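Read-outs throughout are calculated quantities, based only on the coordinates presented, and are distinct from any laboratory measurement. Source: prediction; values computed, not measured. Don't worry about glycine lacking a Cβ; one is built from the backbone with ideal geometry, like all the others, and counts go over all protein chains shown.
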Amino acid sequence: MHWKNGGFLVLAALTLALSACGGVVVPRGDATLNGTVVDATTGLPVQGAKACFVYNGNVSQLCDNTDANGEFVLQLLPAGDHAVQVHKGGFTVARESVSLTDGAATTVRIALNPGLSSGELRIVLSWNADPRDLDSHLWIPQGSGYDEVYYRSKGNCDAAPYACLDVDDTSGYGPETITVARPQTGVYSYAVHWYAGTGSWAASGGTVHVYDASGLIATYTAPDNAGEPGAGGLVWWYVFDMDGGALLPKNTLSSNPPQTSGVASLGVK
């Protein structure tokens, strides 16, 4: 059989795609994905994590390993809504959605969750570059009241209230992480406070991942709203309650926290 040069090149490109992607055919595009992978409990870069492009729900072998800065680059990707999956031993596998545009570079920041022991729980908040600062707040039941874990009262994972703020991010993206080392009897409440920045909750990219020893158990995304957050506005995102290990979704916006809080308004930390 005789092939014109164009047909031969198409066949060669298809064969290369099949071989390189382990059967997952990824059409070549002109989009780039730049990523940074950090430890959810420290905010520090994770070196040697493997980031792979996910096409049509399938993990391809278009991959890159993170460098000393936790950075990876995936190039010549097709435009559209896709995902990237990141894994490294000792961490929970993470998969994040990405929207790619031909001729443009998209940036993503991924927080990897270190494995947990039985009974432990971890709440990881992430968001976009703006708003500059979102804050995690966890209310832990204590007798007839609550202990609040947040940036002014970071708690303790080795003693009461057996919950602690691992990371407080103030410059965009997160992660902002709270670990519950030993669940207490009663109902917990978790909410996010819009501390500083512009835009809306819907555009914030606010995402909360909840993990236990089995891995990722729940994901919440910030709801849409008609107005912009601000002093006296919808500055609280009430995400969920937890009772006896069961998560009770709320996912509502309000001008007030779900429980009494030590912080009442926007300001400078």
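Rounded to the nearest 500, the 222 nm mean residue ellipticity of the chain from helices alone is -2000 deg cm²/dmol, with -39,500 (n - 2.57) taken per DSSP H run of at least 4 residues. With a simple spin-label model that places each label point 7 Å from the Cα along the Cα-to-Cβ direction, the separation between Thr198 and Ser254 comes to 3.0 nm. Look at the alpha carbon pairs under 8 Å that are at least 6 residues apart: their mean separation over the length of the chain gives a relative contact order of 15 percent. In plain terms, the chain from Asp130 to Asp102 could stretch by 7.7 nm, reckoned as 0.36 nm per residue minus the Cα-Cα distance.
Calculation over all alpha carbon pairs of the chain in 5 angstrom steps from 0 returns a P(r) of 1, 6, 12, 15, 16, 14, 12, 8, 6, 4, 2, 2, 1, 1, 0, 0, 0 percent.
Considering only Ala202, Ala246, Ala105, the Gaussian network model of the chain with Cα springs below 10 Å gives its largest mean-square fluctuation to Ala246.
Legend: ranking of residues Val93, Val208, Val239 from fewest to most surrounding C-beta atoms inside 10 Å; resulting order Val93, Val208, Val239. Counting only the Cα atoms, the range 14-112 fills a convex hull of 87 Å³ per residue.
Classify the range 82-182 from the C-alpha gyration tensor, please: rounded if a/c falls under 1.5, else prolate or oblate depending on whether a/b exceeds b/c. Oblate, since a/c reaches 1.5 and b/c is not below a/b. On the basis of the beta-carbon distance and an R0 of 51 Å, Asp243 and Asp30 show a calculated FRET efficiency of 0.55. Counting every other Cβ atom within 10 Å of each residue's Cβ, Trp139, Trp236 order from fewest to most as Trp236, Trp139.
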